[in-house]
Amino acid sequence: MKFGVVVFPGSNCDHDTYYVLKDVLGQETVLLWHKDHELKGVDCVVLPGGFSYGDYLRSGAIARFSPLMREVREHAERGGLVLGICNGFQVLLELGLLPGAMLRNKNLKFLCQFVHLRVDNPATPFTRLARRGQVLRIPIAHFDGNYFAPPESLAELEEQDQIVLRYADENGELTGETNVNGSTAAVAGLISRRGNVMGMMPHPERASESALGSGDGRLIFESLIRS
């Protein structure tokens, strides 16, 4: 599996993600500059976390116009794998590769903490090593992580099993308290109908070594490697 990590002005998790994929997991990994028009033959494109273009206008709203996004869209339309993490998830929403939008967190505060995530769909390239209902401990770090979808769209997401991860407690129960940012239906991770594009607000690259407090994030990357 060859990975490509996109670098935007304002990205701050690009090298973290590159390190995990290349040095921790031993995968061929390249950095992709946002102004380029070449994906360098990668199998999976990763849009990392950070503050692309300073999050001016809306989070991800300017990044969607980066030249490389044309190639990313075409890659996705061909069935290529795309993973958007935090700001990368926001970019995928702006690109229209995933449905819905991001609002400010319900308490209007930046959140930086570990959360528990329940795996609701293990039958994806991103979660194939998980079991349904498994709980992962992975950190978040965002201000605009309150996922929103109107009722008709949410019903479709539920019907198509596109909600992959939800904010839960350590036992996998959904409560108002565990839905820390107020996301519709406690959505923390979402997949495209075709199943090759996923966005998630938590940071798996920050939970890929036990020394950092959790190794649960490796499951996402190792699932992709097995794809």
Qualifying residues in the stretch 8-32 (those that are at pLDDT 95 or above and assigned to a strand (DSSP E or B)) - the one surrounded by the fewest Cβ atoms within 10 Å (Cβ to Cβ) | Glu28
Take the stretch 157-184 and flag every residue that is more than 16 Å from the chain's Cα centre (by Cα), surrounded by 12 or more Cβ atoms within 10 Å (Cβ to Cβ) and closer than 25 Å to Leu129 by Cα.
-> Leu157, Glu158, Gln160, Asp161, Ala168, Asp169, Gly172, Leu174, Thr178, Asn179
Among the residues of the stretch 54-89, the number that are crowded, with 19+ Cβ neighbours inside 10 Å, part of a helix (DSSP H, G or I) and either among the polar types (S, T, N, Q) or modelled with pLDDT under 85 (or both) is 3
Please state which one of Leu92, Leu98, Leu117 is assigned to a strand (DSSP E or B), aliphatic (A, V, I, L, M) and touching a residue at least 40 places away in the same chain (Cβ under 8 Å).
-> Leu117
Provide a single number: the residues in the stretch 40-60 that are more than 13 Å from Asn87 (Cα to Cα) and touching a residue at least 40 places away in the same chain (Cβ under 8 Å).
-> 4
Members of the stretch 210-227 that are at pLDDT 95 or above and either assigned to a helix (DSSP H, G or I) or in contact with a Gly (Cβ under 6 Å, 6 or more places away or on another chain) (or both) = Arg218, Leu219, Ile220, Phe221, Glu222, Ser223, Leu224, Ile225
Members of the stretch 131-158 found to be in a loop (DSSP other than H, G, I, E, B), touching a Ser or Thr at 6+ places or on another chain (Cβ under 7 Å) and of a type in the set (A, V, I, L, M, F, W, C), listed by number | Ala149
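The values are calculated or read from the model by the stated rules, or taken from the named source; none is laboratory data. All values reported here derive from a predicted model rather than from experimental measurement. Note that each Cβ is placed from the backbone with ideal geometry, even for glycine, and that neighbours are counted across all protein chains shown.
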